[in-house]
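One structure below.
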Amino acid sequence: LLQRKITLITQLKHNQSGPVHLLDEVSKQLPDFLWLDSMSEAGFNVQINGKATTYNAVSNFYNNLTGSRYFENVVMGSISSIPVGVQFSLTCQFVPNPQGKEGAEGQSASGG
């Protein structure tokens, strides 16, 4: 019984590391003046909905995700003007253990 409990706790700790890593990587890519309304993940496919004060902030977020080695197939969805700025959605795939995009982390963000 004790061994089953230890195994269960170990499995739960292992399973929580994926979502925590995803949230950490998304938060690192957030530019100023942009916030998320919702985010969902299913099988490494991520759907993000949010708002920003400018189209440039949305563009910066898209570019940050595209330049990150942890995200692939970043696709901008709808983007529309609202009274406080813009509303957007996008989809991408989260890569928890990237191996291909070498050197992507070393790139400096373009100024804006």
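The values are calculated or read from the model by the stated rules, or taken from the named source; none is laboratory data. Since we're looking at a predicted model, the values are computed, not measured. We place every Cβ from the backbone using ideal geometry, glycine too, and count neighbours over all the protein chains shown. Each accessible area value is taken on the protein alone, full model and side chains, heavy atoms only, with ligands, DNA and RNA left out. Shrake-Rupley method; radii C 1.70, N 1.55, O 1.52, S 1.80 Å.
Summary of values
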item: Tabulated pairs, segment 39-53, first at negative phi, second among the hydroxyl-bearing types (Ser, Thr, Tyr) and in a strand (DSSP E or B), C-beta under 6 angstrom, 6+ apart or interchain; result: Gln47/Ser40; Gln47/Thr91; Asn49/Ser38; Asn49/Ser89
item: Answer from Asn60, Asn73, Asn49 - the residue that is open to solvent by 70 Å² or more (accessible area, probe 1.4 Å) and either at pLDDT below 95 or not acidic (Asp, Glu) (or both); result: Asn73
item: Pairs with Cβ under 9 Å, 6+ apart, first in segment 72-93 and free of Cβ contacts under 8 Å to residues at least 40 places away in the same chain, second of a type in the set (D, E, K, R) and not in a strand (DSSP E or B); result: Glu72/Lys101
item: Answer residue from segment 19-76, given it is basic (Lys, Arg) and not in a helix (DSSP H, G or I) and is farthest from the chain's Cα centre (by Cα) among those; result: Lys51
item: Residues located in segment 20-69, provided they are among the small types (Gly, Ala, Ser) and in contact with a strand residue (DSSP E or B) (Cβ under 7 Å, 6 or more places away or on another chain); result: Ser38, Ser40, Gly50, Ala52, Ala57
item: Residue count for segment 7-43, restricted to those that are modelled with pLDDT under 80, under 12 Å from Phe94 (Cα atoms) and charged (D, E, K, R); result: 0
